[in-house]
């Protein structure tokens, strides 16, 4: 979908608590928000709408996920080898 992006230039913030991921380890939260962002962008572009509502997921996964993971996932999406269902 999108190669490398930088978070919007706004003030820094911490992702809010997500009751689906109550534990300290936020790996699943990171991955789920990455998938949600990709799905949101895909859906919005298919409908011909602005992908601004997807910014929330983008900001959350950018603050939770290591950059190297995101780069690898974006490369896998580009190559068509990403294991997640988008």
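The values are calculated or read from the model by the stated rules, or taken from the named source; none is laboratory data. On a predicted model such as this, the values are computed, not experimentally measured, just so you know. Glycine gets a Cβ as well: all are built from the backbone with ideal geometry, and neighbour counts include every protein chain shown.
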- [ ] Would you be able to tell me the number of residues in region 62-86 that are closer than 21 Å to residue 24 by Cα, in a helix (DSSP H, G or I) and touching a residue at least 24 places away in the same chain (Cβ under 8 Å)?
- [x] 5
Task: Evaluation of residue 62 against (1) out of contact with any helix residue (DSSP H, G or I) (no Cβ under 8 Å at 6 or more places or on another chain); (2) surrounded by 13 or more Cβ atoms within 10 Å (Cβ to Cβ) (one fails), failing number - done: (1)
- [ ] Could you list all residues from region 1-56 that are at pLDDT 85 or above, surrounded by fewer than 13 Cβ atoms within 10 Å (Cβ to Cβ), part of a loop (DSSP other than H, G, I, E, B) and touching a helix residue (DSSP H, G or I) at 6+ places or on another chain (Cβ under 8 Å)?
- [x] 20, 50
TODO: Just give me the residues in region 65-86 being surrounded by 13 or more Cβ atoms within 10 Å (Cβ to Cβ) and in contact with a helix residue (DSSP H, G or I) (Cβ under 8 Å, 6 or more places away or on another chain), in sequence order.
DONE: 65, 69, 70, 73, 77, 82, 84, 86
- [ ] May I ask you to say which residue of 39, 47, 20, 59 is touching a residue at least 12 places away in the same chain (Cβ under 8 Å) and over 14 Å from the mean Cα position of the chain (by Cα)?
- [x] 20
